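Here is the structure we will look at.
The values are calculated or read from the model by the stated rules, or taken from the named source; none is laboratory data. The model shown is predicted, which means the values in this text are computed figures rather than measured ones. Positions of Cβ are generated from backbone atoms using ideal geometry, with glycine treated the same way; all protein chains shown enter the neighbour counts.
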Amino acid sequence: MGGFFGVASAESCTNDLFFGVDYHSHLGTRRGGMAVYGEDGFKRSIHNIEHAPFRTKFEDDLDELEGHIGIGCISDNEPQPLLVKSHLGSYAITTVGLISNIEELSEMSLNNGFSHYLEMSSGRLNPTEVAASLINQKKTITEGIRYVQEVVKGSLTMLIMTPEGIYAARDRMGRTPAVIGKKDGARCVSFESFAYLNLGYTDEHELGAGEIDFITKDGYEVLQKPQEEMKICTFLWIYYGYPTSSYEGVNVEQMRYRCGDMLASRDNVQTDIVAGVPDSGIAHAIGYANRSGIPFARPFIKYTPTWPRSFMPTNQTRRNLIAKMKLIPVEALIHGKSMLLIDDSIVRGTQLGETTEFLYRSGAKEVHIRPACPPLLFGCKYLNFSRSKSELDLITRRVILKKEGCCTPELLEEYSDPDSPKYAEMLEEIRKELNFTSLRYHRLDDMIESVGIPGCKLCTYCWNGKE
């Protein structure tokens, strides 16, 4: 996914920038970066953070990164922020999102006079560089940002730092967030709304879909008003978002409680305990336990001192191994127990299947699974939600293909209907394959109600395939 943080201050912005970016470490896996502007002009530092936390990589750079304006990011793949010199002047740029038509746009820029791109070590183009090349085709940065919003398929939210301030532009459909915080003599802009609270900032303004603002130490100016239509990613609440964050006024932790509550309201299974897969399943499980009256317990504990989040390694086999290694069972709470286990989702099914097996090996009598979202039927084409190379990585698609021999749009629509016989058949096949005692997913209508904002403003593509 990735996250960003920016600061414009009357004094040094370095410490606020450092800690603000660090608070986005749960969103990215590969690289971190910071760029500042001060008396000595632009300065930048980028590090690989696959095997070490952001703080340990960057704390030795802070003396060299002195400035009063800065932007930084945690990135899934590409090195950024980038420093750019063009007819628009010098600026630094960082982005979050996914450009699904990147080859088309890069060719368009080359045809319009852009000379070359620097390929990353993987041979792919850096989407942030492609965004900069598009911006540079226009007469002003604001016009360039609007152009990017018009031509990018997928999503792109960006920060652009100039010597005068920071341009913050939320994706045209608002799939990812951007919020401004304030304190005396400074303003910040952040992906996660909690990231600036301990730095002394308070909420000032949440950008709407497609909104472009210019931020200085004294405040912000709206350069492009938001559009009414919005499709914010629902998975921010289900999984990606940190519990203390809020999007569109809805707190992540509170939404997850409601999610678990509604799961329990449609369920009648009787178990000894309710548990959540650490970390994102825990709040859902608390909501379920509170509604059902079944005691909440922690039958396994995540060993956090040395193991990062399971999706951090790029190799799937290594991610599965880390997911297994970091969960330590509490056999006294497992042996002889009937358990209801809530995870945020089932993607491939590999990790949850292995988790279930080790619960059985630890003496569990029953393991009932309740994912906190509906079955994932479509790969996300708007954000870097998954590294899956094919939709057949989804366990739902594999089950449907095995049963039907194809996955037509008509079939997928039927399988996404929680009241259809085919939906029930799919769940039973998944249950048997992963050796669950029972399986019941959260319904799409209930999940939308759990969020609490109009469903037309939520992106639900990965569950129902609707734009």
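Restricting to the stretch 201-215, name every residue that is in a strand (DSSP E or B) and closer than 30 Å to R258 by Cα. Even if it seems obvious, please write down each step before you answer.
Going residue by residue through the stretch 201-215, those that are in a strand (DSSP E or B) are 202-206, 212-215.
Once the filter is applied, which keeps residues that are in a strand (DSSP E or B) and closer than 30 Å to R258 by Cα, the stretch 201-215 yields T202, D203, E204, H205, E206.
Would you confirm whether any residue within the stretch 54-63 is modelled with pLDDT of 95 or more and of a type in the set (A, V, I, L, M)? For the stretch 54-63, residues modelled with pLDDT of 95 or more and of a type in the set (A, V, I, L, M): absent.
Residues that are crowded, with 18+ Cβ neighbours inside 10 Å and of a type in the set (V, I, T) within the stretch 323-349 comprise I334, I342, I346, V347, listed in sequence order.
Of the residues making up the stretch 105-126, those that are polar (S, T, N, Q), touching a residue at least 12 places away in the same chain (Cβ under 8 Å) and not in a loop (DSSP other than H, G, I, E, B) are S106, S109.
If I212 passes every condition in (1) over 21 Å from V451 (Cα atoms); (2) crowded, with 24+ Cβ neighbours inside 10 Å but one, which one does it miss? Checking I212 against (1) over 21 Å from V451 (Cα atoms); (2) crowded, with 24+ Cβ neighbours inside 10 Å, the one that fails is (2). Looking across the stretch 178-194, the residues that are surrounded by 22 or more Cβ atoms within 10 Å (Cβ to Cβ) and touching a Pro at 6+ places or on another chain (Cβ under 9 Å) come down to S190, F191, E192, S193. Restricting the stretch 90-137 to residues that are touching a helix residue (DSSP H, G or I) at 6+ places or on another chain (Cβ under 8 Å) and small (G, A, S), the residue that is nearest to R30 (Cα to Cα) is G97. Output the number of the condition that V148 fails; it satisfies all remaining conditions of (1) crowded, with 17+ Cβ neighbours inside 10 Å; (2) in contact (Cβ under 8 Å) with a residue 40 or more places away in the chain; (3) out of contact with any Cys (no Cβ under 9 Å at 6 or more places or on another chain). Tallying (1) crowded, with 17+ Cβ neighbours inside 10 Å; (2) in contact (Cβ under 8 Å) with a residue 40 or more places away in the chain; (3) out of contact with any Cys (no Cβ under 9 Å at 6 or more places or on another chain), V148 fails exactly one: (2).
Can we say P163 is of a type outside the set (A, V, I, L, M, F, W, C), assigned to a loop (DSSP other than H, G, I, E, B) and under 29 Å from Y240 (Cα atoms)? No; evaluated as a whole, the condition is false for this residue.
Anything in the stretch 278-296 that is of a type in the set (S, T, Y) and more than 20 Å from F235 (Cβ to Cβ)? List them, or say none.
Here is the first cut: in the stretch 278-296, the residues of a type in the set (S, T, Y) are 280, 288, 292.
Within the stretch 278-296, just S292 meets the criteria.
For the stretch 31-55, taking the residues that are surrounded by fewer than 21 Cβ atoms within 10 Å (Cβ to Cβ) and within 23 Å of the chain's Cα centre (by Cα), the one that is nearest to L82 (Cα to Cα) is identified as H47. Here C462 fulfils each of the conditions (1) assigned to a loop (DSSP other than H, G, I, E, B); (2) within 19 Å of the chain's Cα centre (by Cα) apart from (1). Reported count of residues in the stretch 6-51, each being within 23 Å of T244 (Cβ to Cβ) and assigned to a helix (DSSP H, G or I), is 11.
Which residues, taken from the stretch 234-278, are touching a helix residue (DSSP H, G or I) at 6+ places or on another chain (Cβ under 8 Å) and acidic (D, E)?
As a first pass, look at the stretch 234-278 and keep what is touching a helix residue (DSSP H, G or I) at 6+ places or on another chain (Cβ under 8 Å): 234-238, 240-248, 250, 252-253, 255-267, 273-277.
Once the filter is applied, which keeps residues that are touching a helix residue (DSSP H, G or I) at 6+ places or on another chain (Cβ under 8 Å) and acidic (D, E), the stretch 234-278 yields E248, E253, D261, D267.
Quick grid of which residues meet (1) touching a strand residue (DSSP E or B) at 6+ places or on another chain (Cβ under 6 Å); (2) modelled with pLDDT under 95:
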site	(1), (2)
A364	yes, no
K381	no, yes
I395	no, no
E429	no, no
R440	no, no
M447	no, no
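Total residues in the stretch 245-293 satisfying the condition of being under 20 Å from the mean Cα position of the chain (by Cα), assigned to a loop (DSSP other than H, G, I, E, B) and surrounded by fewer than 20 Cβ atoms within 10 Å (Cβ to Cβ): the figure is 4. For the stretch 193-219, a tally of residues being in contact (Cβ under 8 Å) with a residue 60 or more places away in the chain and under 20 Å from the mean Cα position of the chain (by Cα) returns 4. Residues in the stretch 158-177 that are within 17 Å of P81 (Cα to Cα) and crowded, with 23+ Cβ neighbours inside 10 Å: M158, L159, I160, M161, I166, Y167, A168, A169, R170.
Could you tell me which residue of the stretch 216-240 is surrounded by the fewest Cβ atoms within 10 Å (Cβ to Cβ), considering only residues that are in a strand (DSSP E or B) and out of contact with any Cys (no Cβ under 8 Å at 6 or more places or on another chain)? For the stretch 216-240, the residue satisfying everything is E221.
Among the residues making up the stretch 416-467, those that are more than 21 Å from Q351 (Cβ to Cβ) and of a type in the set (K, R) are K422, R443, K457, K466.
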